[in-house]
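The values are calculated or read from the model by the stated rules, or taken from the named source; none is laboratory data. This is a predicted model, so every value here is computed, not measured. Cβ: placed from backbone, ideal geometry, glycine included. Neighbour counts: every protein chain shown.
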Amino acid sequence: MAFSRWDPFRDLLALHQRLDRLTSPDAPGWTPPVDLYETPDHYVITAEVGGLTRADVDVQVREGRLTLRGRRADTGLPCERYHRVERGHGTFSRTFELPQAIAADDISADLCDGVLTVTVPKRVEPARKVPVE
């Protein structure tokens, strides 16, 4: 059995970070699973958001960060009527920092069969010759 020295400050910091996440304005009610992959010309983000409509989802880009937000409404049934609840309800927010310059004006988003697909084109900057003086 390995022993480690207890650090109360580390535990306090971890607790503080968890509380901050719970009380932030973007505190998630649920988190949709997301895949993020890269092609030579694009970044592609897919998120499973079953049961949401286009009006329930918001996609924003600012300063190289892409944010997905949405809300899945509760069914309205009283809690005692449920036998099992596994699907999350309420709001969600996911932010992704993209590592390269993007063409923000050409981003597209599509919602089909419960999967949100966001395609983010990379901005191609031509090589520039730097004069040596």
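Here are the numbers:
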item	result
Qualifying positions in segment 29-51 - surrounded by 10 or more Cβ atoms within 10 Å (Cβ to Cβ), in a loop (DSSP other than H, G, I, E, B) and under 10 Å from the mean Cα position of the chain (by Cα)	31, 32
Only listed residue being over 18 Å from residue 29 (Cα atoms) and in contact with a Lys or Arg (Cβ under 8 Å, 6 or more places away or on another chain), chosen from 52, 111	111
Test: residue 121 is over 16 Å from residue 35 (Cα atoms) and either surrounded by fewer than 10 Cβ atoms within 10 Å (Cβ to Cβ) or in contact with a Pro (Cβ under 9 Å, 6 or more places away or on another chain) (or both)	no
Selected residue [of a type in the set (Gly, Ala, Ser), under 25 Å from residue 33 (Cβ atoms) and at pLDDT below 90] from 64, 76, 114, 70	64
Considering residues of segment 1-26 that are closer than 20 Å to residue 97 by Cβ and either touching a helix residue (DSSP H, G or I) at 6+ places or on another chain (Cβ under 7 Å) or not small (Gly, Ala, Ser) (or both) only, the residue modelled with the highest pLDDT	17
Counted residues, segment 52-73 - those being assigned to a loop (DSSP other than H, G, I, E, B) and surrounded by 11 or more Cβ atoms within 10 Å (Cβ to Cβ)	2
Residues being within 17 Å of residue 44 (Cβ to Cβ), of a type outside the set (Gly, Ala, Ser) and part of a loop (DSSP other than H, G, I, E, B) - total across segment 77-123	6
